[in-house]
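Okay, structure first, notes after.
The values are calculated or read from the model by the stated rules, or taken from the named source; none is laboratory data. Note that the structure is a prediction, hence the values are computed from the model and not measured. When we count neighbours, we look across all protein chains shown, and the Cβ atoms used for this are built from the backbone with ideal geometry, even at glycine. In case anyone asks, the SASA skips ligands and DNA or RNA and just uses the protein heavy atoms, side chains included. Shrake-Rupley method; radii C 1.70, N 1.55, O 1.52, S 1.80 Å.
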Amino acid sequence: MSISSSPIPPILPEGEAEPTLVLGDAQPTFAWLVMLQGPRRGRLYALKAEGTTLGRGATNDIIVDDESVSRFQARLSAEMVFEKLQFYIQDLASANGTFVNGQRIVRQVLRDEDRIQVGQATLVFKQL
C-alpha cells in the first residue's frame, strides 16, 4: 500500500516572507445568475462587472441552447451607483425579446431575485 502525501512547502530562510499574491484590478462582483428552467438547469453563472453576454451563440459567456433565443440575446453589465455595484440587463434587439419579471425590457436595473426569461429559459438574478 502506498501513501501519497502533499508536497511540503519549502522552508524560507529567516527574515524572508512568501511573495504577495496579486489578484489584479478585477473587483469581485458577488452577483450571479442561476438557471431555474432550461437546458442547463441548476447551473450558476458568475457575472463580470465589465459585462456578461447571454445568448445561443457559442461565444457568449452564458449559452442558452434554445432555438427561440437569439445568438446574441442580452448583455448584463454593472455601474457604480452611490458606492454600490448596480447591475443592468439590456436586450440586444433580439427577435423574441428579453423579459424581467414578466415584462419585456430594453434596458432594466436588476434587483436580487429578479426573474429573467429568454426563450424557454428562466434565470434568477442573485446579488449579495
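Are any residues in the range 108-128 among the β-branched types (Val, Ile, Thr) and surrounded by fewer than 20 Cβ atoms within 10 Å (Cβ to Cβ), and if so, which ones?
109, 122, 124
Suppose we keep only residues that are open to solvent by less than 70 Å² (accessible area, probe 1.4 Å) and more than 21 Å from residue 67 (Cβ to Cβ) within the range 90-107. Which one would you say is nearest to the chain's Cα centre (by Cα)?
Looking at the filtered set, the residue picked out is 100.
Checking the condition touching a strand residue (DSSP E or B) at 6+ places or on another chain (Cβ under 9 Å), touching a residue at least 12 places away in the same chain (Cβ under 8 Å) and of a type outside the set (D, E, K, R), which residue from 42, 51 passes? Explain how you work it out, then say what you get.
Details: 42 fails: touching a residue at least 12 places away in the same chain (Cβ under 8 Å).
From the options 42, 51, the qualifying one is 51.
Search the range 55-69 for residues being under 25 Å from residue 30 (Cα atoms) and not β-branched (Val, Ile, Thr), and hand back the single one that is most open to solvent (accessible area, probe 1.4 Å). Explain how you work it out, then say what you get.
Initial filter on the range 55-69 (under 25 Å from residue 30 (Cα atoms)): 55-56, 58-64.
Checking which are not β-branched (Val, Ile, Thr) leaves us with 55-56, 58, 60-61.
Values: 55: 0, 56: 76, 58: 92, 60: 13, 61: 72 Å².
Taking the candidates together, the pick is 58.
Based on this model, can you work out whether residue 122 counts as hydroxyl-bearing (Ser, Thr, Tyr), within 14 Å of the chain's Cα centre (by Cα) and at pLDDT 95 or above?
Working: hydroxyl-bearing (Ser, Thr, Tyr): yes; within 14 Å of the chain's Cα centre (by Cα): no; at pLDDT 95 or above: yes.
No.
For residue 72, which of the numbered conditions (1) surrounded by 16 or more Cβ atoms within 10 Å (Cβ to Cβ); (2) among the aromatic types (Phe, Trp, Tyr); (3) on the phi > 0 side of the Ramachandran plot fails to hold?
(3)
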